[in-house]
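Q: Can you keep this structure in mind? I'll have questions shortly.
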Amino acid sequence: MRTDQTVTIRRLDYQVPAYLVDSVELDIALDAERSIVEARLAIRRNPASTAPRTLVLDGEALEFISATLDGQPVQPVFGDNRFTLADVPDSFTLVTVSANNPQANTTLSGLFMSKNGFFTQCEAEGFRRITYFPDRPDVMSRYRVRLSAEKARYPVLLGNGNLLEEGELPNGRHYAVWDDPFLKPSYLFALVAAKLVCEETTLTTGSGKQALLQVWVEDGDLDKSHHAMESLINSIKWDEERFGLELDLDRFMIVAVSDFNMGAMENKGLNIFNTKFVLANPEVATDIDFANVESVVGHEYFHNWTGNRVTCRDWFQLSLKEGLTVFRDQEFSMDMIAAAAATPAVAASGKAVKRIDDVRTLRAAQFPEDAGPMAHPIRPDEYQEINNFYTATVYEKGAEIIRMQQTILGRDGFRRGMDEYFRRHDGQAVTCDDFVAAMEAGNAQLGELADLGQFRRWYSQSGTPIVSAEREWDPAAGRLTLTLSQQTPPSASQPVKLPLHIPVLLGLLGSDGADLPLRLEGETGAAPTERVLHLKEARQSFVFTGLPAGEAMPVPSLLRGFSAPVVLDHDLDTRELAFLMAHDSDAFNRWEAGQQLMLSVIHARLRGDDAALQTSALVEAMHRTLEADLDPGFVEVALALPDEIYIAETLEVVDAPAVARVRDELKRQIASALAPSLRARYTALGVALAATGEYRPDPASAGRRGLRNLCLRYLTEIDGDGIGLARAQYAAATNMTDRLAALTALAHAGAAKMELEDFFKRHENDALVLDKWFTLQSTAARVPDGSDQRFVLHVLGLLKHAAFSLRNPNRARSVILQFCMNNPRHFHADDGSGYELWAEYVLKLDGLNPQIAARLARSLDRWRRHTPERQARMRAALQRVADKPELSNDVREIVGKALAA
Ligand code: TRP
Ligand code: ZN
């Protein structure tokens, strides 16, 4: 909807629906320019409603043709994307006929066309672009749909549930009838009519039922569907084993489409995916792509229970399904990594690396959001456009809030809570409060521990809490007092923040690096070497006794495994951080100590301090890590410097190019100091990988490739043979991981001109690989030939490239969003050219696809953090967009909030 006004929807205004729809029968005659939809709705007044007897349906971008109520023609009133009929009976059948234009639908919401057919996307509010309906998740209905389309162009007709019937029609058309036995909200409706082929198999589920599994792709892509199919099978098995949840359908389909706004969609029995998260084989996909396919396939499959069987009462409850399902996909990936590991130690390390990746994402995407103009609790209180709330906060922080419940209740307790959740709510549309209540009820035997009263504040309060730690050591008594304080910075909508219930998993390291027994004052009996402290007050002290008297103060390892989504303001010095890096039994905290050490060096250098001593301590510690007998995947993350965006978040005032410069200098210094070891490791890993034979994306070999490619990245930073190694690796690569890593290293060094041309020629016909080609150029530190051409001109060149298109979201993201979000040094160029480009493209995209435009718009969220000159230019760019009449709700909300901040 385009308007100059903003309408705010509030959580506390929730009203039950006035009318319910028991069944929906759709007859959809698909046509590129004019699809005709006949909808037969069995409508009944909601006994729980006291609203007037007026039927209000949503409808957007529809051409009304006719309506009858119990067979009698009626004339609805239209306005404001609503269809209104006054004085309707208590129970009736409404038949509407409407038309829509899929070809003209560039929003990719509702019914739209991609190159090989018709597809739908109904979450959150797309169903109203298909037919008139109470388009809200608490109206759950039974659906049957008859699809018809031209057979030659659209030979495959798919819907939710089971295929009842199919056949031929006159004029070269054909039809299929699909019936979904489960009640569902309209946002889970889907259809596909396209030219596709499939890989299929049958699977016997836990209870012995046979299920047909299909992965549908474009003709020619069947050599890339297998990993998705395997991931689906693994997901189905995992949900049975870990949560006792079985597939409830006779048939489960995944369909890949190349024009898609997000990653994928969990439509009942008919998941629709961005091709990026389905198609993979060694020649076109990297190790990261393989892992992403597995996790997104898992994510959508897991929604079948957490989202579909139990759904959301209203969109404010989005994290009920998204936070929980992200948590589930994270756990699935970890369990898959562990299952593939040769030894328990490798399994533990692999799981830590996955956790580290997830925390990096949280810090890079969610922490800035929680401190900026779009800050919101995981259960927001208001929105102008719901599409703007599919955020890192709702998804990733939401997953952390589920994870903390598992940490507090224990794995068994969490499982009991999940069982109780499904026992109570299967088939219902519920709230986040219902979830927490089920967690409590399933764990009554735990007593006080299961009281999540204060914990619920995590759902209502935004902002990242800062936890500080102070220590007091009494060596004579062997007594350590640990005082933890918490404080959440106030925000505009929440000037007063309350203390949260923060689970702090910790250990204490003795002088030999081993974990000490943790006995709190007054406790008797066996003492564990790791435990959870429950920080609930603003300031709270914990007294540990029985520690080795006469020794130096034990070194605390706090927030192990990142047990809460907070910023830890630690008081550890360089020596202690290096000690933790070397000895902490918790791999996550070994990594974290390294990151903190790196950050302190970067901060010192940004201040202009002489950081020589700190730097050499860091280099030594990194050298030890590189030489130690550790899992390569772990060494890779341990040697990677914090990224520019995370560094920026730790600063009061950001000078983005200066951050990049200081980080580069440190990187070069590390590379010079460690060059012989890096080179030796690079070679040794190459030999080891060659010995394992054929490429496989398993965690062990992916870890080796990852570390080898990190060594290469360091080596290309310094004079020497790094560039030569990269060119040789590019030429010899037998898989996309190694080829792209070499190309990226060359691109950052400004020495990739020839290889970029070669890569383009090799992969010209593969859209997903071309996206990588665009992305690596838009995010590079230098232009391809290393000249001093202004970077923005290079980006403009990419935007004019024959293969570029704004209409395809993956392609649009690969250039303009990648540049604005992931290339801070050039986006924040002194002349403001990055911001001008931003404004131009936000406006251009808004005319085509408001959801994508709004995502781009968010790259100026943190404008207040930058230097005053840049702030002024960013503000002007924001104003230029805001001044444009007829913005989408999506973009208006984002720029409006940014300017108000
Ligand atoms: N529910 C989907 C998921 O998390 C994501 C989703 C929401 C989506 N809105 C969308 C996908 C719009 C595509 C387009 O898996
Ligand atoms: Zn989801």
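Throughout, read-outs are computed from the coordinates displayed, never taken from laboratory work. Not measured: the values here are computed from a predicted model. Backbone-built Cβ (ideal geometry, glycine too); neighbour counts: all protein chains shown.
Q: Give the angle, between 0 and 90 degrees and rounded to the nearest 10, that separates the Cα long axis of helix 833-846 from the longest principal axis of the Cα atoms of the chain.
A: It works out to around 20 degrees.
Q: Further, regarding this structure: Using per-residue counts of other Cβ atoms within 10 Å, averaged over each peptide, order 695-702, 169-176, 411-418 from highest down.
A: Values: 695-702: 20.0, 169-176: 13.5, 411-418: 18.5.
The packing order, highest mean first, is 695-702, 411-418, 169-176.
Q: Next up: By counting other Cβ atoms within 10 Å of each Cβ, how are 255, 56 ranked from fewest to most?
A: On the way: 255 26, 56 18.
Ordered by Cβ neighbours within 10 Å, fewest first: 56, 255.
Q: Sort 585-593, 506-514 by the packing proxy (mean of other Cβ within 10 Å over each peptide's residues), most packed first. Mind showing how you got there, number by number?
A: Values: 585-593: 23.3, 506-514: 17.0.
Going by the mean number of other Cβ atoms within 10 Å, highest first, we get 585-593, 506-514.
Q: As I understand it, the value is the acute angle between the Cα axis of helix 587-607 and the longest principal axis of the Cα atoms of the chain; what does it come to in degrees, rounded to 10?
A: 80
Q: Which listed residue (122, 895, 340) has the Cα farthest towards the positive end of the charge dipole for the chain, taking +1 on Lys and Arg C-beta and -1 on Asp and Glu C-beta about the Cα centre?
A: 895
Q: In whole Hz, with x marking every Gly and Pro, tabulate ³J(HN,Hα) for the stretch 821-828 from phi via Karplus 6.51 cos²θ - 1.76 cosθ + 1.60, θ = phi - 60°.
A: 9, 10, 9, x, 5, 9, 4, 8
Q: Using modelled backbone amide H atoms (1.01 Å from N, in-plane), which distant-in-sequence or interchain residues come within less than 5 Å of residue 19's amide H?
A: Close amide H contacts, sequence-distant or interchain: 46.
Q: Using Cα atoms only, what is the angle between the long axis of helix 287-302 and the major principal axis of the chain, expressed in degrees (0 to 90) to the nearest 10?
A: It works out to around 50 degrees.
Q: Then there is this: How many angstrom lie between the Cα centre of the stretch 840-893 and the Cα centre of the stretch 450-527?
A: With the stretch 840-893 and the stretch 450-527 each reduced to a Cα centre, they are spaced 40 Å.
Q: How big is the gap, in Å, between the Cα center of the stretch 31-53 and the Cα center of the stretch 582-647?
A: With the stretch 31-53 and the stretch 582-647 each reduced to a Cα centre, they are spaced 59 Å.
Q: Report ³J(HN,Hα) in whole Hz for each residue of the stretch 199-205, in order, from the Karplus equation J = 6.51 cos²θ - 1.76 cosθ + 1.60 where θ = phi - 60°; Gly and Pro get x.
A: Values, residue by residue: 9, 9, 7, 10, 10, 9, 7 Hz.
Q: Additional query: Taking the square root of 5 times each eigenvalue of the Cα gyration tensor, what semi-axes in Å does the equivalent ellipsoid of the stretch 109-267 have, largest first?
A: Details: eigenvalues 120, 85, 53 Å².
Sorted largest first and rounded, they come to 24, 21, 16 Å.
Q: Order 565-572, 295-302 from most to least packed using the mean count of other Cβ atoms within 10 Å.
A: Numbers: 565-572: 18.2, 295-302: 25.2.
Packing proxy ranking, top to bottom: 295-302, 565-572.
Q: Take the cross-link list 753/800; 351/536; 800/897; 184/321 and give me the ones stretching past 25 Å between alpha-carbons. Working shown, then result.
A: Working: 753/800 18 Å; 351/536 29 Å; 800/897 31 Å; 184/321 14 Å.
Pairs exceeding 25 Å: 351/536; 800/897.
Q: Taking H placed 1.01 Å from N in the peptide plane, check which residues at least 5 places from residue 264 or on another chain put their amide H under 5 Å from its amide H.
A: 274
Q: Still on this structure, I have one more. Sort the stretch 315-460 into rounded, prolate or oblate with this rule: let a ≥ b ≥ c be the square roots of the eigenvalues of the Cα gyration tensor; rounded if a/c is under 1.5, and if a/c is not under 1.5, prolate when a/b is larger than b/c, oblate otherwise. Walk me through the intermediate numbers first.
A: Values: a/c = 1.88, a/b = 1.11, b/c = 1.69.
In terms of gyration-tensor shape, oblate.
Q: Provide the per-residue ³J(HN,Hα) series for the stretch 544-551, in order, calculated from phi with Karplus coefficients 6.51, -1.76, 1.60 and θ = phi - 60°, each as a whole number of Hz, with x at glycine and proline positions.
A: These are the phi-based 3J(HN,Hα) values: 9, 10, x, 7, x, 6, x, 9 Hz.
Q: Tell me which residues come under 5 Å, amide H to amide H, from residue 114 once H is placed; ignore anything under 5 positions away on its chain.
A: 119
Q: Give me the net charge of residue 117's neighbourhood, meaning all other residues with Cβ under 15 Å from the Cβ of residue 117; Lys, Arg count +1, Asp, Glu -1. Walk me through the numbers on the way to the answer.
A: Details: positive: 115, 151, 153, 173, 195; negative: 31, 33, 150, 218, 219, 221, 259.
Every neighbour counted, the sum reads -2.
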